[in-house]
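The values are calculated or read from the model by the stated rules, or taken from the named source; none is laboratory data. Every value quoted in this text rests on a predicted model; they were computed, and no experiment measured them. Quick reminder, even Gly has a Cβ in these numbers, built from the backbone with ideal geometry, and neighbours come from all protein chains shown. Please note that ligands, DNA and RNA were not included when accessible areas were found on the heavy atoms of the full protein model with its side chains. Shrake-Rupley method; radii C 1.70, N 1.55, O 1.52, S 1.80 Å.
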Amino acid sequence: MRRCLLMIVSVVLLSAGVAVGAAPADSFLRNGVTAHRGNSGEYPENTFAAFRSAIDLGVDWIELDVFRTRDGKLVVIHDRTTGRVGDKDLVVPESTYAELQGVDVAAAFRRERGMSLEECPQHSIPLLEEVLALVLKQNRTRVSIQPKMDCVADAVGLVKRFEAEKWVGFNDGNLEYMAKVKELAPELTVFWDRSQADLDRDIGIAREHGFESLVLHNSLVSGGNVAAIHEAHLEVGAWTVNDETAMERFLNMGIDRIYTDYPRRLLAVKSRRSGFGPAQCEGAYPRHLQGICVSPTGAIYWSFTDVLVKSDAEGHVLKSVPVANHHGDLCHHDGKVYVAVNLGKFNDPQGNADSWVYVYDADSLAEVAKHAVPEAVYGAGGMDYRDGRFMIVGGLPPGVEENYVFEYDANFRFVRKHIVASGYTLMGIQTAAFADGCWWFGCYGKPQVMLKTDESFKLLGRYEFDCSLGIAGLRSGRFLVAGGSCEPQKGCTGKVSIVRADAAAGLVVEKVNSTDPSSAGARPGYQSPP
């Protein structure tokens with residue numbers, strides 16, 4: 001819950017990322033995860049913090065509720081009164097916007113969780129137009145508006161004024177309201193909520209009005225109902241589902257969309273079910289790829305030297321931020337991304353490197369801390385986390401016939417230096433991952449070298465395999481290994497392939513299918529020395 005404080009720091013502006021003007025239709029995510037009132041399980045519902053968090057997580061839709069105030073403003077709140085969530089009890093349609101701004105709508109959230117004001121600051125009721133401005137700053141996540149009173153014309157008018165039609169849909173069980181949406185703006189997606197369904201009748205009405213989706217209360221979900229809705233060529237959703245077992249059961253029935261207060265939980269369930277596969281990171285970057293890591297929610301983090309990128313499992317960029325040069329390999333732990341960074345002379349025999357670990361919030365990529373690691377005297381280049389310890393690897397000048405792993409505790413206090421009897425590797429070790437009970441290290445060279453050690457860093461094997469641009473262990477016992485290339489005038493790209501352990505070769509690339517360019521048997525590799 002400490003993330004509540006982090007998110008309030010910047011509630012309107014998104015971090016630097018993919019620039020958007022007119023969003024191409026295929027740029028939006030389609031993962032079937034609707035964040036109910038935003039990420040309302042972790043942040044106060046219907047607040048900027050909840051919406052921003054859901055966008056950062058990579059949901060394809062956020063959902064919110066709107067009322068019209070006495071002075072004609074559209075405000076984002078679920079109930080007709082503010083008492084359930086706030087520190088004052090006002091009637092929303094009978095109050096002015098200025099009066100409503102005096103309500104702290106995080107009060108109940110804070111009280112129920114025993115949080116301090118410092119841990120979760122006050123939140124005010126957002127205007128719908130402010131949330132639209134937030135959503136329009138990116139082109140991955142869309143917003144579904146639920147009118148809680150007869151304000152459909154006002155809401156649609158606002159959407160049109162913002163030219164936000166591609167970013168917006170509507171949801172509610174009120175047929176009159178949803179029909180009005182289609183009458184005023186047929187291009188807007190409508191999710192028709194059903195809590196007491198006469199399925200044949202509802203399917204007919206949905207098709208008559210051009211609704212795209214029927215969203216069933218979770219008590220109405222069954223395999224037969226899902227199949228019938230699919231046969232009518234409609235999307236089928238379920239609301240509101242917070243239990244992982246129920247999520248699994250509904251996904252097994254073929255549910256297309258789940259509304260949840262806990263989108264992080266649902267994304268993790270989907271990640272476990274689908275797993276990672278070969279993927280190409282969207283875009284091209286000024287400098288080459290230095291490392292990758294993954295999160296339990298199915299995100300991939302890419303370090304392109306001076307740009308940090310977060311994508312979904314398919315490589316669609318969710319966030320990118322400029323960072324200090326030179327950011328190397330990275331790891332994910334406890335909701336944060338840790339990056340080995342060198343700001344000085346890498347591989348200098350005199351040990352003049354300036355080595356750090358920079359720490360970023362895994363959702364927003366906001367920098368939250370940095371720690372000096374001066375023991376990495378030749379330059380911090382790679383890292384991973386295991387059992388309460390961070391392990392840092394890095395540069396190495398010519399002539400040194402071993403490599404070093406620097407161990408730090410959870411607060412980055414130096415513990416000890418480990419020696420890997422590896423023989424010489426060009427520029428030391430660049431990437432690191434602990435997986436399948438072993439350490440795996442990627443090194444530059446011609447050919448590139450991979451080192452495998454046991455958990456105590458005793459060398460188990462030295463292989464001609466390129467994981468020098470990134471390696472990450474997966475729960476399935478497989479690995480993601482990164483590759484990339486740089487072309488003049490075009491920039492640098494990155495991709496990941498699925499690999500598995502092999503007794504003879506160390507790791508081998510899995511061929512997913514013959515038509516997938518990322519699954520080719522060739523080793524992933526960078527085309528020119530760094």
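Of the listed requirements (1) modelled with pLDDT under 90; (2) open to solvent by less than 30 Å² (accessible area, probe 1.4 Å), ASP502 misses just one: (2).
Annotation: of all residues in region 125-135 being in contact with a Leu (Cβ under 8 Å, 6 or more places away or on another chain) and in contact (Cβ under 8 Å) with a residue 40 or more places away in the chain, the one that is most open to solvent (accessible area, probe 1.4 Å) is GLU129. Applying the criterion of at least 3 residues that are open to solvent by 70 Å² or more (accessible area, probe 1.4 Å) and either out of contact with any strand residue (DSSP E or B) (no Cβ under 8 Å at 6 or more places or on another chain) or of a type in the set (S, T, N, Q) (or both) to the strands (runs of 3 or more DSSP E) found wholly in region 181-251 leaves an empty list. Six or more apart or on different chains, Cβ under 8 Å: which pairs go from a residue in region 84-102 that's touching a residue at least 40 places away in the same chain (Cβ under 8 Å) to one that's assigned to a helix (DSSP H, G or I) and open to solvent by less than 30 Å² (accessible area, probe 1.4 Å)? Could you list them? Once the first residue is touching a residue at least 40 places away in the same chain (Cβ under 8 Å) and sits in region 84-102, its partners that are assigned to a helix (DSSP H, G or I) and open to solvent by less than 30 Å² (accessible area, probe 1.4 Å) give VAL85/ALA107; VAL85/ALA108; VAL85/PHE109. The residue that is farthest from THR305 (Cα to Cα), counting only those in region 377-389 that are surrounded by 24 or more Cβ atoms within 10 Å (Cβ to Cβ) and aliphatic (A, V, I, L, M), is MET383.
Looking across PHE457, PHE465, PHE434, one residue alone is farther than 28 Å from ASP312 by Cα, in contact (Cβ under 8 Å) with a residue 12 or more places away in the chain and aromatic (Phe, Trp, Tyr). It is PHE457. Here SER468 meets each of (1) in a strand (DSSP E or B); (2) buried (at least 21 other Cβ atoms within 10 Å of the Cβ) with one exception, condition (1). Within region 120-129, the set of residues being under 25 Å from the mean Cα position of the chain (by Cα) and either modelled with pLDDT under 95 or closer than 30 Å to ARG161 by Cα (or both) comprises HIS123, PRO126, LEU128, GLU129. Within region 390-415, track down each residue that is on the phi > 0 side of the Ramachandran plot and open to solvent by 30 Å² or more (accessible area, probe 1.4 Å). Of everything in region 390-415, just one residue is on the phi > 0 side of the Ramachandran plot and open to solvent by 30 Å² or more (accessible area, probe 1.4 Å), namely GLY399.
Suppose we keep only residues that are farther than 15 Å from GLU45 by Cβ and assigned to a helix (DSSP H, G or I) within region 77-117. Which one would you say is most open to solvent (accessible area, probe 1.4 Å)? The qualifying residue most open to solvent (accessible area, probe 1.4 Å) is GLU94. Please determine whether any residue of region 73-86 is polar (S, T, N, Q), modelled with pLDDT under 95 and more than 22 Å from GLU119 (Cα to Cα). Within region 73-86 (the criterion being polar (S, T, N, Q), modelled with pLDDT under 95 and more than 22 Å from GLU119 (Cα to Cα)), the answer is no, since none of the residues qualifies. Taking the listed residues PRO349, PRO374, PRO322, the one that is open to solvent by 30 Å² or more (accessible area, probe 1.4 Å) and in contact with a Pro (Cβ under 7 Å, 6 or more places away or on another chain) is PRO349, with no other qualifying.
Checked against the criterion of being closer than 30 Å to SER320 by Cα, part of a loop (DSSP other than H, G, I, E, B) and without any contact (Cβ under 8 Å) to a residue 40 or more places away in the chain, the candidates GLN122, GLN138 yield just one match: GLN122.
Conditions (1) more than 28 Å from ARG264 (Cβ to Cβ); (2) over 29 Å from the mean Cα position of the chain (by Cα); (3) of a type in the set (A, V, I, L, M), marked per residue:
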{"position": "SER364", "(1), (2), (3)": "no, no, no"}
{"position": "HIS371", "(1), (2), (3)": "no, no, no"}
{"position": "GLU375", "(1), (2), (3)": "yes, yes, no"}
{"position": "TYR378", "(1), (2), (3)": "yes, yes, no"}
{"position": "MET383", "(1), (2), (3)": "no, no, yes"}
{"position": "GLY395", "(1), (2), (3)": "yes, yes, no"}
{"position": "ALA410", "(1), (2), (3)": "no, no, yes"}
